[in-house]
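Structure first, commentary second.
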Amino acid sequence: MTRALLVILVLALTACSSQEEAEFKQAQKAITQEHYRTALGYLDRVIKRNRPTKYPLEAAREAARISFFEVKDFNKAISYYQFIVLHSLDEKERLEAQKQIASIYFNNLQNYSLAIIEYSKLQQMPHTDQEAAQYKMNIARSQYYLNNFFQSESEIDSLLLLKSDDNIRFNALMLKGNILVGKKEFSKAADIFKMLIQKYPEKAVQENVALILAVCYEENFDFKSAIGILEQYRGKYSPPEYIELRIKRLQERMKNAPGAKGYRK
């Protein structure tokens, strides 16, 4: 490379840097004035050029933050996080951006098919056992919401083999119980809900596990057990009138069931 050509290249790169710096500063000024969409316009121009300066990644970071927290344009936020995943040299930053992508699809857009794909990518990146369990939990939930019960249950069974905290294990077993309810396997579901009540009594009350267990008993025409569990938890749920109505309805069903001789308390 001749000296003249080298000088031209340096001057060109300096001009690029100056131009992108100016637009980045314009974006920052717009942000301070809370003109977020104007700021995104400046940042988009910096990102689309993607020249070899520090500004495209800086712009993507700022644009992702604005899109997610200020504008609530979650699809645009994803595009900026994807840029970070592709172009950042910082492994930790790429990982955090990928987590954001998966979380937005799952929590904000409820696009469960794409959430499964993005959480599967996270499984191929560095992670702890706890993170692996959480990724599987969200994949299982996504499959459940898509009515893919077999795939969801398979993820749960795999998750339960991993080391994870009580919160994830409770949620995993709760989901498995709900999957079994969806498959109309009420006896198996009831076994899981009974175990949750025994092992996690406080959490079970918060998540209304006893009410779901009563439904499982009722679906199996075991009205006596359904009434028993509701009476056991009478006063722990609000409004209490709901429990009373459920008990009375079950008493009527038991009294009118084929072969019943009436219900005596």
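Worth pointing out:
- Relative contact order computed over segment 150-233 (Cα-Cα under 8 Å; 6+ residues apart), in percent: 21
- 3J(HN,Hα) from dihedral phi, segment 135-152, Karplus parametrisation 6.51/-1.76/1.60, rounded to Hz, x for glycine, proline: 4, 5, 4, 6, 5, 4, 4, 4, 4, 5, 5, 8, 6, 8, 5, 4, 5, 5
- Assigned charges on the beta-carbon of Lys, Arg, Asp, Glu; segment 116-250 dipole about Cα centre (debye): 240
- Å³ per residue enclosed by the Cα convex hull of the chain: 164
- Lys/Arg +1, Asp/Glu -1 at C-beta; the chain dipole; positive extreme among Ser120, Tyr144, Leu109: Tyr144
- Farthest positive-ward along the chain dipole, Cα basis, beta-carbon charges - from Ser79, Val205, Val215: Val215
- Approximate shape of segment 95-158 as ellipsoid semi-axes (Cα gyration tensor, √5λ), whole Å, largest first: 18, 15, 8
- Charge-dipole axis of the chain as Lys and Arg at +1 and Asp and Glu at -1 on Cβ define it, positive-most pick from Pro56, Ile192, Leu230: Leu230
- Rg ratio (alpha-carbon, reference 2.2 N^0.38 Å) - segment 110-265: 1.23
- Gyration tensor verdict on segment 46-108 (Cα atoms; rounded if a/c is under 1.5, prolate if a/b is larger than b/c, oblate otherwise): oblate
- Under the Karplus curve 6.51 cos²θ - 1.76 cosθ + 1.60, θ = phi - 60°, whole-Hz ³J(HN,Hα) for segment 63-80, x wherever Gly or Pro sits: 5, 4, 4, 5, 4, 6, 8, 9, 8, 6, 9, 6, 5, 5, 4, 4, 4, 6
- Spatially close lysines, pair count over segment 51-129: Cα under 24 Å, gap of eight or more or interchain: 9
- Calculated P(r) tail over 22 Å for segment 28-151, as whole % of Cα pairs: 41
- Here segment 147-226 is described by how far its Cα atoms reach on the three principal axes: 38, 29, 16 Å, from widest to narrowest.
- Charged side chains reduced to their Cβ positions (Lys and Arg at +1, Asp and Glu at -1) give the chain a dipole of some 640 debye around its Cα centre.
- With a threshold of 29 Å on the Cα-Cα distance, the over-threshold entries among Lys48/Lys136; Lys199/Lys236; Lys163/Lys199 are Lys48/Lys136.
- All aspartates and glutamates inside 17 Å of Lys25 as judged from Cα atoms, apart from same-chain residues fewer than 8 positions distant: Glu34, Asp44, Glu58, Glu62
- Shown for the chain: the carbon plus sulfur share of the solvent-accessible area, taken with all protein chains present and a 1.4 angstrom probe, equals 52%.
The values are calculated or read from the model by the stated rules, or taken from the named source; none is laboratory data. Since the structure is predicted, the reported quantities are computational estimates derived from the model, not experimental observations. As a convention, Cβ positions derive from the backbone with ideal geometry for all residues, glycine included, and neighbour counts pool all protein chains shown. When the accessible area is computed, the model is the full protein with side chains, heavy atoms only, and any ligands, DNA or RNA have been set aside. Shrake-Rupley method; radii C 1.70, N 1.55, O 1.52, S 1.80 Å.
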